[in-house]
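The values are calculated or read from the model by the stated rules, or taken from the named source; none is laboratory data. This one's a predicted model, so the numbers in the text were calculated from it and none came from an experiment. Cβ placement follows ideal geometry from the backbone for every residue including glycine, while neighbour counts extend to all protein chains displayed.
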Amino acid sequence: MSETIGIIGPGRLGLSLGSALAQAGAVDSLVYFGRAMEPPPHPLFDGSVPATYSTGYGPVPAGVRLLVLAVPDDAVHEVANEVAGAGPAPGGCVALHLSGALSTDVLAPLSGAGYAVGSMHPLQTVADPWSGADRLRGCAYALAGDPAALRAAFSVVSSLDGRPLVIPPALRPLYHSAAVFASNYVVAAAAVLARTLAEAGVAEDEAIAAVVPLMRGTMDNVQQLGLGAALTGPVARGDVDTVRLHLSRLSSRERHLYSALGLETVNLARAAGLDPERAEELEELLADR
């Protein structure tokens, strides 16, 4: 894959995707479109990569064969309308949005303007436009769309050594909720553990530094051993007394979260061979909270 790609939205994800494609040698040139009068400060615009910036969302130049809408979910339909209103699609051009939850229906205006439409959501967290390209190489991407759009999306994913996942539009909310568990709720769990360690006298920066290796090691175990074998701790051991001790010291807010996740952990431990009587004791203990 080597062509001109247009990216609407020079934000964290749009800049990271363009950088990843440029580093992979997968584009001849990049054309960014944004609301601001000037491009944001970023290496893509320092002259080392053939990237240009235009104010406004159209018309799309004739040489663009792929147009990526890297904008927030609530702006996708509005931007699609604006691009469609600026003129017909360049010949053979595909338009992809990067939303995980939205179907391709939001791109209906672009379909009417002659674009093949689809979606390509990276199953990865991109918090920094300067380093995000590294995260986009090798990750999974959820794909959907017209046949031509799917071919273009597969080509992009292949150029980034990614893992394509074809998710039917009706099931994308389930897919995206799974992504929330994998990313956003992990951060929320980190916030809970930092707050709990603060009650134990550990400063937040020290708490995060202490537990990140534990969290990273846990995910390494999941990847290498599978879910059941990666599970450790008092629930996996059937240690009812330790779980009871935890519950007795946690605040009401943390106790509720601990119990909800504990019940899910019991299910996983039971499937991994936890003694049925111990599993039942744990379920009764956790359900009472």
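Which of the strands (runs of 3 or more DSSP E) found entirely inside region 1-120 contain at least 2 residues meeting this: modelled with pLDDT of 95 or more and assigned by TED's automatic domain parsing to the domain that holds G138? Working first, answer last.
On the way: elements: 3-8, 27-34, 51-55, 64-69, 94-97.
Passing ranges, in order: 3-8, 27-34, 64-69, 94-97.
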- Message: I'm checking my understanding of the structure. Among residues of region 104-124 that are surrounded by 19 or more Cβ atoms within 10 Å (Cβ to Cβ) and small (G, A, S), which one is nearest to the chain's Cα centre (by Cα)?
- Response: S119
- Query: Somewhere in region 144-162, is a residue free of Cβ contacts under 8 Å to residues at least 12 places away in the same chain, within 17 Å of the chain's Cα centre (by Cα) and more than 15 Å from L17 (Cα to Cα)?
  - Reply: no
- Could you please let me know if S177 is closer than 30 Å to L67 by Cβ and touching a Ser or Thr at 6+ places or on another chain (Cβ under 9 Å)? no
- Item | Hey, Y141 in contact with a helix residue (DSSP H, G or I) (Cβ under 6 Å, 6 or more places away or on another chain) and either farther than 22 Å from L107 by Cβ or assigned by TED's automatic domain parsing to the domain that holds L102 (or both) or not | yes
- Note on the structure: Given the conditions (1) surrounded by 14 or more Cβ atoms within 10 Å (Cβ to Cβ); (2) within 20 Å of the chain's Cα centre (by Cα), every one holds for W130 apart from (1)
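Among the helices (runs of 4 or more DSSP H) lying completely within region 197-289, list those that include at least 1 residues that are without any contact (Cβ under 8 Å) to a residue 40 or more places away in the chain and farther than 20 Å from V186 by Cβ. Can you show your working first?
Numbers: elements: 204-225, 227-230, 234-237, 240-249, 252-271, 276-287.
Helices (runs of 4 or more DSSP H) meeting the threshold: 234-237, 240-249, 252-271, 276-287.
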- Task: Have a look at T232, T218, T265 and point out the one that is more than 30 Å from H121 (Cβ to Cβ) and either within 31 Å of the chain's Cα centre (by Cα) or not assigned by TED's automatic domain parsing to the domain that holds R135 (or both).
- Result: T232
- Task: Kindly list the number of the only condition in (1) in contact with a strand residue (DSSP E or B) (Cβ under 8 Å, 6 or more places away or on another chain); (2) closer than 26 Å to H176 by Cα that fails for G11.
- Result: (1)
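Kindly indicate the residue of region 144-185 that is part of a loop (DSSP other than H, G, I, E, B) and touching a helix residue (DSSP H, G or I) at 6+ places or on another chain (Cβ under 7 Å) and also surrounded by the fewest Cβ atoms within 10 Å (Cβ to Cβ) among those meeting that condition.
Initially, region 144-185 is screened for residues part of a loop (DSSP other than H, G, I, E, B), giving 146, 160-162, 167-168, 183.
Then keep just the ones that are touching a helix residue (DSSP H, G or I) at 6+ places or on another chain (Cβ under 7 Å); that gives 160, 167.
Numbers: L160: 22, I167: 18.
Per the stated criteria, the residue is I167.
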- Message: Test of understanding: among V60, V94, V83, which residue is in contact (Cβ under 8 Å) with a residue 60 or more places away in the chain, in contact with a strand residue (DSSP E or B) (Cβ under 8 Å, 6 or more places away or on another chain), buried (at least 23 other Cβ atoms within 10 Å of the Cβ) and among the β-branched types (V, I, T)?
- Response: V83
- Hey, V192 outside the structural domain of Y141 (by TED's automatic domain parsing), over 30 Å from S119 (Cβ atoms) and part of a helix (DSSP H, G or I) or not: yes
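Let's see how each residue does on (1) farther than 18 Å from S155 by Cβ; (2) aromatic (F, W, Y):
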{"site": "V60", "(1), (2)": "yes, no"}
{"site": "G63", "(1), (2)": "no, no"}
{"site": "V83", "(1), (2)": "yes, no"}
{"site": "P90", "(1), (2)": "no, no"}
{"site": "H97", "(1), (2)": "no, no"}
{"site": "L110", "(1), (2)": "yes, no"}
{"site": "Y115", "(1), (2)": "no, yes"}
